[in-house]
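Shown next, in structure tokens, is the structure this report addresses.
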Amino acid sequence: MKHRTIIEPFRIKSVEPIGISTEAERTGQLKAAHYNPFLLRSRDVIIDLMTDSGTSAMSAHQWAGVMEGDEAYAGSRSWERMEQAVQELTGMGHVLPTHQGRAAERIIYGHLGGPGKVFISNTHFDTTRANIEFTKATAIDIPIAEGKDPALQHPFKGNMDVAELDRLLKEHKGHVGAVILTVTNNSGGGQPVSIANAEGVSALCKHHGVLFLLDCCRIAENSWFVKHREGDLSSLSYRQIAQRMFSLADGAVMSAKKDALVNMGGFLALRDEALAEACTNLLIITEGFSTYGGLSGRDMEAIAIGLEEVFDPHYLDYRIRSTTFLGEKLHALGVPLMRPIGGHAVYIDAKKLYPHIPWHEYPGQALVCELYRLGGIRCVEIGSVMFGKYAADGSLIPSAMELVRLAIPRRVYTQSHIEYVAETFEEIMRMREKVKGIRIVKEPKFLRHFTAHFEPIAELHSA
Ligand code: F0G
């Protein structure tokens, strides 16, 4: 018999209680957190869909590995395991351990960046862009046109516009720091990148003599989409598909907090010895010695095991199909979504959900607040709060889309948690015309979404 029901392919061995709150309590908590979910306390959240990063449940095997961790300063056994796991997966000889993805980004982009340098990506993730711009270099996003239309169906909406890449590589000849494929494309909707697209990017980079890097934190999820959507590759295993993609690149930056199924960690993998040496010098200055970077031995042990477990076909099937399950439920309710559904998250088109709220009153942030108030669900805006930019004359330039991301932690929530989220959206849909915009009252210069303070506009008007 072939079952329709997708079960979680694991049993629960250890549980963590969820604090259940009332709507009145959450209204107060939201105000105290200045309407910014990053300023809420975790204990006040019922279902936490803020991120899939560092929020995975580790397996019994990983926890056993934690006990095995070798905490030696130099040449630890756990480092040998992690280094080997990364080398076998990426085919890259030089591996630098870091405490998370952005530490690897700071090292590589700190080295390659600087004034006048240009970086080109399908879409730079926010920390990637910040690390590049911090060096006074420029970050340019060139997703394919289909990737910019939330409702349009396309199997690989994460792809890079290869014709535009060719044009940019000619225009900025001699000034390109690197070309970066973010796999899957997080900011563009968790959408996959095809092997064919990576091949096109790789060929152009080789032709122009430019470094090609993968931001590979969701590479296993990407492999699932390739196997099921890129016809001629369906006979390869998920791991082989990932290896094929790595074989096209000169290096990779990974936040292990995603597809290595751990709570902390990352790495930089490179083929070129001289580049690896320069980066290792920076690693030792800010992260730690080259055989632990910013990690303890136990973290490295868990990463080595997680990089194996994540390619289990039953796990990946459950993972992608359970994200789709939430997406399909919301779609059936009429919630405007980024489609098709991505790998790690469901993205809601807040501009379409709240057409009466103009972009400069942040419809995405308004939805984030509503979800918390009604259901204790925490998630983040990926729109003009996160990506809005000030022009030289002080005016604000909006983001291309006003999205809200419901990111699903790996192996953490069950189907009934997800059904609770869907039920909350029934009320979101009933209330949609009554919701008002939000404004920013305080913001920092970089990555403003983390610490900005907001106020609901309606409250100001009635005050
Ligand atoms: N690249 C991508 C595509 C990411 O999604 C992230 C993190 C990073 C790099 C940086 O890695 O957090 O380990 O320093 N994304 C998290 C998220 C924060 O919620 O999507 P990090």
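Bear in mind that the values in this text are calculations on the coordinates, not laboratory data. This one's a predicted model, so the numbers in the text were calculated from it and none came from an experiment. Counting neighbours? That spans all protein chains shown, and the Cβs are built from the backbone with ideal geometry, glycine included.
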Check your understanding: Which chymotrypsin sites (Phe, Trp or Tyr not before Pro) does the range 57-135 hold that lie in a coil by DSSP with at most 15 other beta carbons within 10 Å?
Key -> Tyr73
Point to revise | Residue-count net charge about Ile303 - beta-carbon cut-off 12 Å; Lys, Arg +1, Asp, Glu -1 | key: -2
Practice item. Mind checking the full-extension length gain between Thr5 and Val441? Use 0.36 nm per residue of separation minus the Cα-Cα distance, one decimal, nm. Key: 152.3 nm
Practice item. Sum up the charges of everything whose Cβ sits under 9 Å from the Cβ of Val66, counting Lys and Arg as +1 and Asp and Glu as -1, but leave Val66 out. Key: -2
Exercise for review: With 20 Å as the limit, write out which pairs from Lys148/Lys436; Lys31/Lys442; Lys148/Lys351; Lys258/Lys329; Lys136/Lys257 have Cα-Cα distances beyond it, or answer none.
Suggested key: Lys148/Lys436; Lys258/Lys329; Lys136/Lys257
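Given a Förster distance of 22 angstrom, what is the FRET efficiency for Ser237 paired with Ala145, based on the Cβ-Cβ distance and rounded to 0.05? If you can, show how the numbers build up before the last one.
Numbers: r = 32 Å, r/R0 = 1.46.
Using R0 = 22 Å, I get an efficiency of 0.10.
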Practice item. Could you work out how far the C-alpha centroid of the range 386-406 sits from that of the range 285-308, in angstrom? Key: 35 Å
Study note, to complete from the structure: By the Cα gyration tensor axes a ≥ b ≥ c (a/c under 1.5 gives rounded; else a/b larger than b/c gives prolate, otherwise oblate), the shape of the range 60-309 is oblate
Review point. What ratio of Cα Rg to 2.2 N^0.38 Å holds for the range 189-240?
Key: 1.22
Check your understanding: Excluding Leu447 itself, what net charge comes from residues whose Cβ is under 15 Å from its Cβ, given Lys and Arg +1 and Asp and Glu -1?
Key -> +2
Point to revise | Candidate aspartates and glutamates for bridging to Lys2, where Cα separation is under 19 Å - those fewer than 8 sequence places away on the same chain excluded | key: Asp317
Review point. Please state the Cα pair-distance histogram of the range 25-108 with 5 angstrom bins from zero: what percent is in each bin?
Key: 3, 10, 13, 16, 17, 12, 9, 10, 7, 4, 1
Exercise for review: Evaluate 2.2 N^0.38 Å with N set to the residue count of the chain, then give the Cα radius of gyration divided by it.
Suggested key: 0.95
Study note, to complete from the structure: In the chain, taking the dipole from +1 charges on Lys and Arg beta carbons and -1 charges on Asp and Glu beta carbons about the Cα centre, the listed residue (Ser234, Tyr347, His208) farthest towards the positive end is Tyr347
Exercise for review: Taking the dipole about the Cα centre of the range 1-146, with the C-beta of Lys and Arg at +1 and of Asp and Glu at -1, give me whichever of Thr98, Met82, Leu30 is farthest to the positive side.
Suggested key: Leu30
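Using only DSSP helix segments of four residues or longer, with each worth -39500 (n - 2.57), what per-residue ellipticity at 222 nm results for the chain after dividing by its residue count and rounding to 500?
Computed ellipticity for the chain at 222 nm equals -12500 deg cm²/dmol.
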Check your understanding: Using unit Cβ charges (K, R positive; D, E negative) and no other charged atoms, how large, in debye to the nearest 20, is the dipole of the chain about its Cα centre?
Key -> 700 debye
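Rounded to the nearest 20 debye, what is the charge dipole size of the range 238-394 about its Cα centre when +1 sits on each Lys and Arg Cβ and -1 on each Asp and Glu Cβ?
On the way: 15 positive and 18 negative charges, 134 e Å.
In total the dipole reaches around 640 debye.
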